[in-house]
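The structure under discussion appears below in the form of C-alpha cells.
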Ligand SMILES: [Zn+2]
C-alpha cells in the first residue's frame, strides 16, 4: 500500500483514515495542506461488505437461536476481517495508492 500524498509525496501513513471516513472520505495533507481523498479499491469494498454481512448475519442467528457458539463464530469472523484487510493491503494492493487528489467540486 502506497501511503504517500499524491500532491507532494509526503508519507502520510494510516493515522487519519478513520477521521477521513467520518469527514466524507476527504482530508487535508498534513504536509502541503492540499485536499486529498481516500482511494478505496473495489477489492477492499467487497471484503468489507462480505465481512460486515457475515458478522451481522451470524450475530442475528446467534440472537435468534440463543447460541453461544454462534456468538463466538461472529466474533471470530470480525477478528478475521480485522486481519484480512491489512493482509490484502500488503499483498494484492501492494502498490495501490491509498490517497488520490480530491476532485474540486464547482461552487454553486
Ligand atoms: Zn501533500
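The numbers here are math on the coordinates, done by the rules we state, and not lab data. The structure displayed is predicted, hence computed values, not measured ones.
Some values worked out for this structure:
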item: Tilt relative to the chain, helix 68-90 - C-alpha long axis, 0 to 90 degrees, to 10; result: 30 degrees
item: Between helix 42-65 and the chain: long-axis angle, C-alpha atoms, 0 to 90°, nearest 10; result: 30 degrees
